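The values are calculated or read from the model by the stated rules, or taken from the named source; none is laboratory data. Just so it is clear, the model here is predicted, and its values are computed rather than measured. Every residue, glycine among them, receives a Cβ derived from its backbone with ideal geometry; neighbour counts consider all protein chains shown. The area values use the complete protein model at the heavy-atom level, side chains included, leaving out ligands, DNA and RNA. Shrake-Rupley method; radii C 1.70, N 1.55, O 1.52, S 1.80 Å.
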Amino acid sequence: MTRFDGDMSPAFEIFEPAEWRAPVIFNSPHSGSTYPEEFLAASRIDLPTLRRSEDSFMDELIGHLSARGFPTVRVNFPRSYVDVNREPYELDPRMFTGRLPSFANTRSMRVAGGLGTIPRVVGDGQEIYRDRILVDDALGRIETLYKPYHRALRRLINKVHQMFGTVVLVDCHSMPSVGVSRDEPRRPDVVIGDRYGTSCTPLLPDRVEETMSGLGYSIGRNKPYAGGFITEHYGNPASGLHAVQLELNRAIYMDERRRERSARFAQVASDFGVLADVLATTIPFADLGPFQAAAE
């Protein structure tokens, strides 16, 4: 557990199992719901609107897996404050007072959409801030929250890799049941993202799809979510590092308007346990190390 001084202590938590079953890490980077007072004071929108960007309760859906032999990670600060599923310096210069570092990525599609490392908007496109914020404030969030999280995640990945010779990172998210565009088709229950086949062995998304569809979930692949920075950055099959992103339709487990757990919540959490058990018992981890993956 990592602590720091401030409103959000601890900033994130890693729960390692007493007995490890498999090299499978479950990560929830967007379920944080601890909002700093100065952030709320600077926001032009209220807390319920800010919370629309949260992957609410995803950390709870996977939290029990550490007792089943799988490490779990959760972030406690909100993604609308700083988003760890972005490059470290995807920053929109229009948001800030002061000069951004020359190495900041100011032209990415995510920045253009208002969803950089320090987001400009919440998920439905509403502007967050009343006024520009100080560059030093943004850089401080990156130094005290973003970077410590990624250092800790990398240490965990390295530890698992040393123990087992390979790592599977399951990056867990949730999505609104309805897209912003009216032209978007009905969203499935689960969207599996593997960066179009580049972030992991094909066996991993195939096994996830088989398991979840067998449990009654409708499945999509890579659309509208192919995997964010975490999936892209940590997924390196040639090195024995396999990352897959799961996007769960929020209507499956919660009342989106009231932001409350639904009657199916416990069943969905149980189904994540089934998925973890299937991955632990059916994935040939010995074949997913760096040399084997490079030879495929």
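Data for the structure
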{"item": "Number of positions in segment 94-115 that are more than 15 Å from residue 83 (Cβ to Cβ) and open to solvent by less than 60 Å² (accessible area, probe 1.4 Å)", "result": "5"}
{"item": "Residue check, residue 276 out of contact with any Leu (no Cβ under 8 Å at 6 or more places or on another chain) and among the small types (Gly, Ala, Ser)", "result": "no"}
{"item": "Residue match in segment 8-29 (condition: at pLDDT below 95 and not hydroxyl-bearing (Ser, Thr, Tyr))", "result": "yes"}
{"item": "Any hit, segment 201-220, residues being over 23 Å from residue 265 (Cβ atoms) and among the aromatic types (Phe, Trp, Tyr)", "result": "no"}
{"item": "Among (1) touching a helix residue (DSSP H, G or I) at 6+ places or on another chain (Cβ under 6 Å); (2) closer than 23 Å to residue 34 by Cα, the one test that residue 106 misses", "result": "(2)"}
